[in-house]
Amino acid sequence: QGVREWVTNYAAAVASLSERPAEGMLLFGRYGTGKTHMAVAALRALTSPLVTIMFANVRDFLDEMRGSFSDGAGSRAAALLDRCKRADILALDDLGQERPTPWVVDTLGALVHHRHARRLPIIITTNQSIRDINSRADAKTESDGVSLGAMYSRIRGMVSQYAFYFDGTDYRHKGNRA
């Protein structure tokens, strides 16, 4: 119900050519419960010539950035980052699975900061709990001495109205016995 409300509100703003909502969504919970599926469904529901959307699995995004980083300013990395920054709606899938190195935090932090400053929504899927997200937002440093606080604080502010917990068994293993 809540995801549908978010999609409906965004679509109504697009249709009426009014200011688009800045709020994003947080889809969190156990793995295999349909968070990514729901994020993609929301993006598909908003597909329109008037809306640019971007979906990025965080690990794949970071791998692509790393792989073409040495290509310079006109690299695939720069183009990918630019598309993620400029998209009307960005979905970041599996946030929190990456190791928070200084480069990762700088890269994701710059992306989140850009979108926050321009009031562009993010849809985030994660296995992290609200408690984990709040802990990271309130922490000064993580175990490796890397600060995630500013990034997670911005994320928390961007998705606080629409945070949905996904529970259940891993659909990938239903009926499978090890």
Amide H contacts under 5 Å for A163, placed H, 5+ residues apart: L26
How much accessible surface does D106 have with a 1.4 Å probe, in Å² rounded to 10? 110
accessible surface per residue for the chain, probe 1.4 Å, DNA/RNA/ligands not counted, whole Å² -> 55
Would you check the accessible area of S153, probe 1.4 Å, heavy atoms only, in square angstrom rounded to 10? 50
What's the local net charge at V51, with K and R +1, D and E -1, over the other residues with C-beta under 13 Å away? +2
Distance-filtered residues of segment 1-37 - backbone nitrogen under 19 Å, label point 7 angstrom along D167 Cα→Cβ: 1-3, 26-36
Among L92, L120, L17, determine the one that fluctuates most according to a GNM of the chain built with springs between C-alpha atoms less than 10 Å apart. L17
Go ahead and set up a Gaussian network model of the chain, Cα springs under 10 Å, then flag whichever of G67, G29, G109 fluctuates most. G67
Around P121, with a cut-off of 11 angstrom between Cβ atoms, what is the net charge of the other residues, counting Lys and Arg +1 and Asp and Glu -1? +2
What per residue convex hull volume, in Å³, do the alpha-carbon atoms of segment 1-89 yield? 109
The simple spin-label model distance between D138 and A22, using points 7 Å out along Cα→Cβ, in nm, is 2.4
Longest span of the chain, sites excluded, free of trypsin sites (Lys or Arg not before Pro) in DSSP loop with at most 11 other C-beta atoms within 10 Å? 1-117
Within the accessible area of the chain, what % is carbon and sulfur when the probe is 1.4 Å and the other protein chains stay in place? 50
Cα gyration tensor shape of segment 93-132, rounded if a/c is under 1.5, else prolate or oblate by comparing a/b with b/c: oblate
Can you compute the modelled spin-label distance between R59 and L80, with each label point 7 Å from Cα toward Cβ, in nm? 1.4
I want the local charge near S160. Using Cβ-Cβ distances under 12 Å, sum +1 for each Lys or Arg and -1 for each Asp or Glu among the other residues. +1
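The values are calculated or read from the model by the stated rules, or taken from the named source; none is laboratory data. Predicted model only: the values in this text are computed from it and were never measured. Neighbour counts are summed over all protein chains in view; Cβ atoms, including those assigned to glycine, are modelled from backbone coordinates with ideal geometry. In case anyone asks, the SASA skips ligands and DNA or RNA and just uses the protein heavy atoms, side chains included. Shrake-Rupley method; radii C 1.70, N 1.55, O 1.52, S 1.80 Å.
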